[in-house]
């Protein structure tokens with residue numbers, strides 16, 4: 001299965017492995033995906049679409065077992081305030097549906113901010129651009145492909 005995200009990696013000659021899982025449309029949580037892939041949730045990264053009051057749309061990539069620290073992301077991006085984009089706007093902005101959003105091959109090249117914990121792993125799983133398909137790759141390769149900026153943007157879920 002070749003998604004646009006996979007084509008980007010192929011074009012950059014980046015090594016990866018595709019992982020498939022059964023999709024439950026009623027449970028798209030990253031922790032559920034991680035369990036289906038037999039990976040710890042902190043190794044499965046989810047991509048969130050946000051909007052800053054100064055810089056506009058940006059993507060935040062955080063561990064599956066964490067939540068986005070909006071204040072930390074705002075500081076890192078140079079915004080006073082940043083907030084999640086409403087779900088209805090995600091697909092028009094990125095070309096992807098909830099549960100399949102990836103920083104690879106979005107409609108536009110948005111700035112991408114990645115939680116620093118990504119560097120703790122030899123490999124991480126990120127969405128391949130569709131539900132039921134994940135890409136397993138080295139964090140350094142992923143960061144190169146998305147031109148990501150690293151920062152402390154995740155926090156424990158309440």
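Read the figures in this text as sums done on the coordinates, not as results from a lab. Predicted model only: the values in this text are computed from it and were never measured. Cβ placement follows ideal geometry from the backbone for every residue including glycine, while neighbour counts extend to all protein chains displayed.
The calculated 222 nm mean residue ellipticity attributable to helices in the chain amounts to -7000 deg cm²/dmol, summing -39500 (n - 2.57) over DSSP H runs of n ≥ 4 and dividing by all residues. Approximating the spin labels as points 7 Å out from Cα along Cα→Cβ, the residue 71-to-residue 27 distance works out to 3.4 nm.
Taken as Cα centroids, the stretch 90-127 and the stretch 136-158 sit 9 Å apart, rounded to the nearest whole angstrom. Please list, in order, the residues from the stretch 33-65 whose amide nitrogen is less than 16 Å from a point placed 7 Å along the Cα→Cβ vector of residue 108. Label zone hits: 49-60.
The stretch 37-65 and the stretch 1-26 have their alpha-carbon centroids 17 Å apart. In the stretch 4-156, what % of DSSP beta bridges are antiparallel (nearest 5)? The answer is about 75 percent antiparallel.
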